[in-house]
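Visitor: Below you'll find the structure I mean.
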Amino acid sequence: MPPPDAIRRLSDVLARDPGSPAALELAELLAGRGDVDAARRVATQAAARHPLRAEAHDLVARLAMRQEDWRAAHEAWCRVLSLAGAGDARRAGAWLGRAYVAFREGRPDAAEEALTQAEAAGASPDAVAAARARLRAEGTPGAAATALVAAVEQAAHHLGLGAWRQVVVEADGRHVAIAPSERGVAVVAAPAEEPLGLTLRRLDAAVRAVAAGGHA
Amino acid sequence: MTGADYTGTLRALTRQRGVSGALLVDGRDGIPIASTLDVGIDADTVAAVAAVLYDRARQVARDAGATDAGVVHVEAARGALCAVGAGDFVLVAVADPRANLALLRLALLRAHRRLLA
């Protein structure tokens with residue numbers, strides 16, 4: 001647990017100088033004590049003030065991952081990759097992050113491709129092996145989603161419902177929303193506390209992103 | 001709950017605008033238990049496909065870290081299907097595009113509570 005006075009001191013520094021690099025240190029400390037919402041706000045503001053600093057986007061991505069905001073995490077990892085130069089260890093971390101995001105969004109092929117890129121970017125074989133093991137341990141949401149989509153298509157056919165637009169699974173603690181896209185399906189999983197309407201908006205955005213080819 | 005009670009619960013669902021029928025399915029084998037589907041909609045078919053769909057949705061929910069699925073809704077060009085598990089049963093509503101899915105979802109949850117009471 002970080003000392004409260006360190007957080008107070010950095011908050012004071014940031015209040016005096018909102019552009020201070022202390023923002024990232026403050027965000028790390030806030031995250032360390034479990035205040036991820038506040039940490040992410042601080043990190044996001046820092047990234048907006050310093051859009052060319054890869055470390056700011058790296059922190060935003062990691063915090064978005066902790067909140068399972070896969071879309072935001074993906075975008076932040078992409079910024080890290082566009083900013084971090086060859087040899088920067090953040091590149092490997094960003095590819096590992098993108099692999100996990102792709103996996104959670106039900107795109108195992110994209111996850112595997114990202115792991116390959118992580119290896120090429122210098123991730124240690126142990127780190128890549130650990131990432132693969134983690135994905136295996138968490139199951140294959142892509143496979144379950146594929147099976148559900150097959151059942152939806154079967155139901156739509158037999159009941160004369162026409163082309164399906166979306167399927168939503170509300171569950172205790174999680175929503176999963178799936179929609180067809182030009183390149184398969186888009187899957188969005190969200191905490192149940194997130195309003196369903198917001199989840200569906202994120203699903204729409206995911207469908208558009210996949211159609212635009214903007215997602216690895 | 002008797003067969004008449006089941007039917008009464010299903011009829012309450014079909015009073016929603018655009019709902020063309022509701023049925024209670026044994027989720028283990030996809031056999032209908034009670035139905036108020038409109039003429040022309042085959043209850044056996046709806047029951048079979050809905051049971052499979054709900055089973056697959058449960059798997060997706062578990063893979064996402066949940067213990068079980070709740071309401072599942074499918075929206076399509078010419079209608080919708082909503083389902084919710086109730087023990088071994090699955091309560092299913094089929095609707096046409098006139099249906100308000102948010103209201104249908106609430107009606108389904110009300111019917112679900114009646115079934116479990």
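Visitor: Could you give me the residue pairs with C-beta distances under 6 Å whose first residue belongs to the range A:157-183 and is facing chain B (nearest Cβ under 8 Å), whose second residue is basic (Lys, Arg) and surrounded by fewer than 18 Cβ atoms within 10 Å (Cβ to Cβ) wherever it lies, and which are 6+ apart or on separate chains?
Guide: These pairs meet every condition: A:LEU161/B:ARG78; A:GLY162/B:ARG78.
Visitor: Can you name the number of the only condition in (1) facing chain A (nearest Cβ under 8 Å); (2) in contact (Cβ under 8 Å) with a residue 12 or more places away in the chain; (3) touching a Leu at 6+ places or on another chain (Cβ under 9 Å); (4) of a type outside the set (S, T, N, Q) that B:ALA107 fails?
Guide: Single failed check for B:ALA107: (1).
Visitor: Test A:VAL168 against the criterion of being under 30 Å from B:VAL46 (Cβ atoms), surrounded by 22 or more Cβ atoms within 10 Å (Cβ to Cβ) and among the β-branched types (Val, Ile, Thr), and give yes or no.
Guide: yes
Visitor: Does A:GLU112 qualify as being more than 18 Å from A:ALA186 (Cβ to Cβ) and surrounded by 18 or more Cβ atoms within 10 Å (Cβ to Cβ)?
Guide: It is false that A:GLU112 is more than 18 Å from A:ALA186 (Cβ to Cβ) and surrounded by 18 or more Cβ atoms within 10 Å (Cβ to Cβ).
Visitor: Applying the selection to the range A:56-106, what residues are crowded, with 19+ Cβ neighbours inside 10 Å and not in a helix (DSSP H, G or I)?
Guide: Answer for the range A:56-106, where residues must be crowded, with 19+ Cβ neighbours inside 10 Å and not in a helix (DSSP H, G or I): A:ASP69, A:ALA84, A:GLU105, A:GLY106.
Visitor: Does the range A:112-129 contain any residue that is closer than 23 Å to A:VAL36 by Cα and of a type outside the set (S, T, N, Q)?
Guide: No, the conditions are met nowhere in the range A:112-129.
Visitor: Got a number for residues in the range A:120-148 being buried (at least 17 other Cβ atoms within 10 Å of the Cβ) and at pLDDT 90 or above?
Guide: Here the count works out to 2.
Visitor: Please give the number of the condition B:PHE89 fails out of (1) within 30 Å of A:GLU105 (Cβ to Cβ); (2) more than 10 Å from chain A (Cβ to nearest Cβ).
Guide: Just one mismatch for B:PHE89, condition (1).
Visitor: Is it the case that the range B:28-37 has a residue that's closer than 18 Å to A:GLY162 by Cα, surrounded by fewer than 23 Cβ atoms within 10 Å (Cβ to Cβ) and of a type outside the set (Val, Ile, Thr)?
Guide: No.
Visitor: Consider the range B:89-98. How many of its residues are closer than 15 Å to B:LEU37 by Cα and assigned to a loop (DSSP other than H, G, I, E, B)?
Guide: Looking only at that region, the number is 1.
The values are calculated or read from the model by the stated rules, or taken from the named source; none is laboratory data. Quantities reported herein were computed from a predicted structural model and do not represent experimental measurements. No Cβ is skipped: glycine too gets one built from the backbone with ideal geometry, and neighbour counts run over all protein chains shown.
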